[in-house]
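As structure tokens, the structure follows; a few thoughts come after it.
Computed from the coordinates by the stated procedures, all read-outs in this text should not be read as laboratory data. Just so you know, these numbers come straight off a predicted model, no measurement behind them. Backbone-built Cβ (ideal geometry, glycine too); neighbour counts: all protein chains shown.
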Amino acid sequence: MALNGAKRLAGSLFGKAEMPDLGLGDTGKVLPLRPMMERLLSLDREAWGLYAWSREPLEGKFDREQKLQYQRKAEACGREEAALAAAAVMEAGDRQNQAEAAAAEVVLGVPDSLAKSAAASMKLYVTTPHTPVGGGQVTFAQYVEPDEVTIFMDAVEKAEALATSEGLSDLLGDVKIFDILLAHEIFHAVEFRKENTIYTKTERVELWRKPFSNKSRLVCLGEMAGMAFAEELLKLPFSPYVLDVLLMYGYHGAAATALFEEIMEIAGENGGKVEEETC
């Protein structure tokens with residue numbers, strides 16, 4: 001069941017997950033969540049980079065070392081932009097009084113986290129509907145150019161309920177899932193505003209040799225940088241990629257299990273060490 005179903009399911013943490021006809025079945029294998037999270041949290045940065053590359057359409061054109069080089073540059077870009085975003089928040093706090101900050105926040109009210117403050121300083125319009133309009137897909141969050149970020153609260157609430165019921169606070173700390181989703185989407189807004197200068201948009205790969213030259217962007221660079229941005233901005237003790245499985249588990253345990261096993265395979269780990277749940 002595992003890998004093909006999981007690959008159809010989720011492109012990345014904040015993309016759209018295709019729920020119908022997963023090829024997993026309602027009675028597919030479901031592993032307990034906490035042991036899976038423990039295994040995911042033990043993976044190193046290189047493993048998560050290879051996972052991100054597995055979602056890249058041009059993956060086959062690069063060897064392992066090339067992928068890791070791209071990863072390092074993308075993550076450095078994300079961390080640098082996070083530092084700039086944090087500095088902008090501090091400067092905005094010095095310039096604005098409380099009333100001005102609340103007005104800039106638009107939807108979120110007075111900021112209670114650095115991610116929300118960063119969204120406010122960039123004057124992003126943040127909406128928080130329960131679920132997307134229409135069926136067929138589960139969407140966790142999205143950025144729409146030029147200044148709109150949407151966080152779908154059904155996904156957040158399901159993941160938070162699981163984190164509570166499974167006792168994951170000792171693993172994940174007290175960082176809010178909402179803030180991690182928001183921080184990632186903020187980076188995509190940064191990319192839009194710096195399209196002509198930021199590494200994730202200016203780096204291109206030559207697909208064909210001259211005279212039939214065609215250079216293409218690498219989609220995974222923006223995703224890796226976005227994760228590094230969220231990790232740095234929120235000072236996370238883990239890679240935001242671990243939430244892929246947690247978020248999906250709230251909708252489909254078998255699909256989340258398949259995704260976990262795919263991640264373990266990419267990382268060179270044996271996912272079978274987690275015992276299957278019985279009902």
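Annotation: peptides 231-241, 246-256, ranked by per-residue average of other Cβ atoms within 10 Å with the highest first, follow the order 246-256, 231-241.
Listed cross-link partners LYS194/LYS235; LYS67/LYS201; LYS73/LYS201; LYS67/LYS194 are compared with a 21 Å cut-off, the Cα-Cα value being larger for LYS194/LYS235; LYS67/LYS194.
Each label point is 7 Å from the Cα along the Cα-to-Cβ direction; what then is the distance between the points at SER216 and ASP112, in nm? Computed distance between label sites SER216 and ASP112 equals 4.5 nm. Seen from MET153, the other residues with C-beta closer than 15 Å to its C-beta sum to a net charge of -2, counting Lys and Arg as +1 and Asp and Glu as -1. Taken one residue at a time, the phi angles of segment 54-64 give Karplus couplings (6.51, -1.76, 1.60, θ = phi - 60°) of 5, 9, 8, x, 9, 3, x, 8, 10, 8, 4 Hz. Gly and Pro are set to x. The slack between ALA88 and SER42, meaning 0.36 nm per residue of separation minus the straight C-alpha distance, is 13.3 nm.
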